[in-house]
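Undergrad: Here's a structure for you.
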Amino acid sequence: MKKIISSLFVLLMCFSLYTNNANAGDRMILVERFTSSTCYPCALANPTLDAFLQNADPNKLTNISYHMNWPAPGNDPMYLINPTDNNARRTLYGVNSIPDWFFDGVINVGTSQSALQNAYNQRTDILSPVSLVVTENTSGNQVTVKADVYCEGYLSNPNATLQFAVVEKVVYYNGTNGETSYTYVMRKLLPNASGTLLTLLPGDRVTQEFTYTMDPAWNPDLIETLVFVQGRPFEILNAAYVTRDFNLVSSPGFKVIEHGVAGSGNFEVKIPQTADGYNSPVTFTAQVIPATPGINVEFTGGNTISTFPGTLNAIVTSTAGVPVGEYQIVFTGTNGNGVTHKTFTNYLVGKNYITVGNNRPSLSYKVDGVEYTSSSLYSWDINSSHVIEAISPQTVGNNRYVFENWSNGGNQSQTVTINSATSNYTANFKVQYRLLGSVVPAGLPVTVNGSGTFLDSASNNDITLSAVQVSYNGKTYYFSSWEGSGSGSYTGPNAVANITMNGFIFQKAIFDTIDVGITNYNSQIPDKFSLYQNYPNPFNPVTNIKFDIAKSTNTSIVIYDMLGKEISSLVNQVLAPGSYQYSFNAANFPSGIYYYRIKTNEFTDIRKMILLK
C-alpha cells in the first residue's frame, strides 16, 4: 500500500529529542547490495548504482550495502566488524559471487543503467501493503528505536519479518580494489539478522522497540536507522527513513459489503505528521481500481487538509449491480509544490478476508485438501464453502500436539461457509510432553509403566514400576530409588514417583541386591503405633527397622547422627495401617552412634542404633 512515517531523535548537546517524519510515499524500494573493498568488479560496478541512487527520488529508492570477506585478501573492515549479520543476508539470498544487487528482495538485477531502470520501473508503482512509523531516541551513545507496523493490504502469506538496520551513510576507506568511499554500509541488524517475526493481517498494528549502543568505529553523524518489512519468501514490502514533506495514512484497512445490495463504507485519510516547517496544503483525489461503474467516492467535508496533523473523511458507496470483487480505493494527495503521495484501502464486495492457522507455530493444517504449516490469508467469496482440517496428533521431538477445538467450535475437519462477520479460523492444540523411563541395572525384567507415552502439560502423574522386587541371574533385586531429570521430575526413595509435566521428563529406577525399601510384612492391623529396636544392632552395614501404623497417616522416619544432624530421610509418605519394615543400608556412613525417629500425626518415638564397621 503506501505511506511510511518515521521520527528520528538526535543528540543535541548532552541530550535532546526532536521528531522528523518518514516518507509517506507509495513504496520505498530497497536495493540490497553485496560488495567488498577487495572486489575489483565491485569497484567498476558500484559507481553505476551510486549514480542511479543519487539521481532517484530519495522518497522512493534507498539502499543498504552488505560487505563480504572475499575475494582475497578478505580483509574488508566493514565485513570484519560484523561478519554474522553480513553472512546472514548473503545466505538468505544464496549470494556466491559479487557484485550482486537485489531490488526489494525479488529482482536480482544486473549492473547496467538499463537493468537498474527496468527493475525500478517494475517496483515503483506497486502500492505497499504496510506502513511504518519509526522513532529514535538518542541519549549519549544509546539509541532506542521504535517501529509501528500497520498492515493495510492483503497478503496471501501474512508471515513477515521486521528488520531494523543501523546504516552508516558513507564510510571512507582505501580498499585494495581502488575504492575510497562506500555508501549505506550495514553496521548492525536488530535484534539480530533473523529480525522479528510478524503476522500481518489487514488492520493489524504491531509495535517493536530495540536499543543499541553506538560503536566507536562508527561516525555517529552519519548513522541512520533503516526499518524494512520482508515478506515470504523474500519480497521487501516497504522500507522507511525520514520524510521531507508530509505523510498519508488511511483507515480502516478494508470494508466488507454484501453482494447484490447497495452498500457503503466510511474511511479516514490522515496526515499525521509533516516535516519541520512544512505548511503547504494538500488536496486529495480518489480513484477506484479497477475502475468499476457503480462505485463512487465522495469527500464529505472537503478534499483539502491545510492544518497539520489533519484528517478528512470519505464515503465509498456501491450499487447492487457491482460485481463480486476486491476494489482498491486509492487516495492521492498533492501539495502546492506538486509533491504527491498515495495511500489506499480495500472495498470488498461479496468477499471477505479469512485467516486460517494454528495457535502454535509450524503445525500443519489443511485447507481444501492442501497442507500448510503457517497462517494463511484468503480472499473468499461470501457464501462459498471450504473444508478446513486440523491434523492431530503432531509430534515434534519430545512434544506432541493434540487438537482441542477450532475457534468457531467446529469439528476437527469441518466445512465452513464464508460470511461477512467471521474472518478467522484458528485450530487450538494442547501440548503434551514425552515421559521416558529406564531401569538400572539394565536387563532387569522391570518396566517403567507409561515410559514412551505423552502426558498433558502441567498434569500431575504417579509413575509406577511393573515390579519392585525381581529375581535376575540368581540374585534378588529390590527397588532402591528414583533419579529424575527434567522440570517436575522426582528423585527419591518412594516407589511411586509423583511428577508434574513441565516438559520432557526422564525417570531412572535404581535397583539393588539389598532391600533398602519399605515392606509390609504382616497382614494384621496393629491396634497402636509402635517403633521397635532395630536388628541386628550393632550392624554392618544393613539393619532392619520395624514399626506399626495403627491408621492411615503421613509417616516420616529420619536418621540423625550424634550431633542431631539429619543425615537421611527413609520414609516420608502416607502409609496405610499395617506392620512395616525398612532395610537401612549405612554403607556410606562411618561407624558411630545414630538415632532414628518416627513421626506421624499422632505418634513420635526415637531409638538409638550402633554402626560398627
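The values are calculated or read from the model by the stated rules, or taken from the named source; none is laboratory data. Computed from a prediction, not measured in an experiment: that's the story for all the values here. As a convention, Cβ positions derive from the backbone with ideal geometry for all residues, glycine included, and neighbour counts pool all protein chains shown. The area values use the complete protein model at the heavy-atom level, side chains included, leaving out ligands, DNA and RNA. Shrake-Rupley method; radii C 1.70, N 1.55, O 1.52, S 1.80 Å.
Undergrad: Listed residues VAL448, VAL470, VAL439; which is over 34 Å from the mean Cα position of the chain (by Cα), of a type in the set (Val, Ile, Thr) and modelled with pLDDT under 95?
TA: Sole residue among the options that is over 34 Å from the mean Cα position of the chain (by Cα), of a type in the set (Val, Ile, Thr) and modelled with pLDDT under 95: VAL470.
Undergrad: Any residue at all in region 224-241 that is surrounded by fewer than 18 Cβ atoms within 10 Å (Cβ to Cβ), touching a residue at least 12 places away in the same chain (Cβ under 8 Å) and over 25 Å from the mean Cα position of the chain (by Cα)?
TA: Taking every residue of region 224-241 in turn, at least one turns out to be surrounded by fewer than 18 Cβ atoms within 10 Å (Cβ to Cβ), touching a residue at least 12 places away in the same chain (Cβ under 8 Å) and over 25 Å from the mean Cα position of the chain (by Cα).
Undergrad: Also, I was wondering about something else. With respect to GLU168, determine if the residue is modelled with pLDDT under 95 and buried (at least 17 other Cβ atoms within 10 Å of the Cβ). So that I can check it myself, show each step before the final result.
TA: Details: modelled with pLDDT under 95: no; buried (at least 17 other Cβ atoms within 10 Å of the Cβ): yes.
So GLU168 fails the test.
Undergrad: Of all residues in region 270-286, which are under 29 Å from VAL322 (Cβ atoms) and modelled with pLDDT of 95 or more? Full working, then the answer.
TA: First, the residues of region 270-286 that are under 29 Å from VAL322 (Cβ atoms): 270, 283-286.
Within region 270-286, THR283, PHE284, THR285, ALA286 meet the criteria.
Undergrad: Can I ask one more? Can you tell me which residue is surrounded by the fewest Cβ atoms within 10 Å (Cβ to Cβ) among those in region 423-468 that are within 20 Å of LYS508 (Cα to Cα) and aromatic (Phe, Trp, Tyr)?
TA: The extreme case among them is PHE454.
Undergrad: Quick one: in region 23-63, which of the residues that are aliphatic (A, V, I, L, M) and in a loop (DSSP other than H, G, I, E, B) is farthest from ILE98 (Cα to Cα)? Talk me through it step by step, then tell me what you get.
TA: First, the residues of region 23-63 that are aliphatic (A, V, I, L, M): 24, 28-31, 43-45, 49, 51, 53, 56, 61.
If we keep only those that are in a loop (DSSP other than H, G, I, E, B) too, we end up with 24, 28, 56.
On the way: ALA24: 33, MET28: 24, ALA56: 24 Å.
Top of the filtered list is ALA24.
Undergrad: Mind telling me which of the residues SER413, SER384, SER420, SER364 ends up being among the hydroxyl-bearing types (Ser, Thr, Tyr), closer than 22 Å to LEU200 by Cβ and open to solvent by 20 Å² or more (accessible area, probe 1.4 Å)?
TA: Matching residue, one of SER413, SER384, SER420, SER364: SER420.
Undergrad: Next up: Report, by residue number, each residue of region 244-282 that is open to solvent by 10 Å² or more (accessible area, probe 1.4 Å), among the hydroxyl-bearing types (Ser, Thr, Tyr) and assigned to a strand (DSSP E or B).
TA: Of everything in region 244-282, those that are open to solvent by 10 Å² or more (accessible area, probe 1.4 Å), among the hydroxyl-bearing types (Ser, Thr, Tyr) and assigned to a strand (DSSP E or B) turn out to be SER251, SER264, THR274.
Undergrad: Now for a different question. Which condition does ASP221 not pass, out of (1) open to solvent by 20 Å² or more (accessible area, probe 1.4 Å); (2) within 28 Å of the chain's Cα centre (by Cα), if it passes all the others?
TA: Among (1) open to solvent by 20 Å² or more (accessible area, probe 1.4 Å); (2) within 28 Å of the chain's Cα centre (by Cα), the lone unmet condition for ASP221 is (2).
Undergrad: Consider THR84 against the criteria (1) in contact (Cβ under 8 Å) with a residue 60 or more places away in the chain; (2) not in a helix (DSSP H, G or I): it satisfies all of them except one. Which criterion is unmet?
TA: (2)
Undergrad: Just to confirm my filter: which strands (runs of 3 or more DSSP E) fall fully inside region 561-613 and include at least 2 residues that are polar (S, T, N, Q)?
TA: 566-575, 578-585
Undergrad: Any idea how many residues of region 483-507 are open to solvent by less than 30 Å² (accessible area, probe 1.4 Å) and either over 22 Å from SER569 (Cα atoms) or at pLDDT below 95 (or both)?
TA: The qualifying residues number 5.
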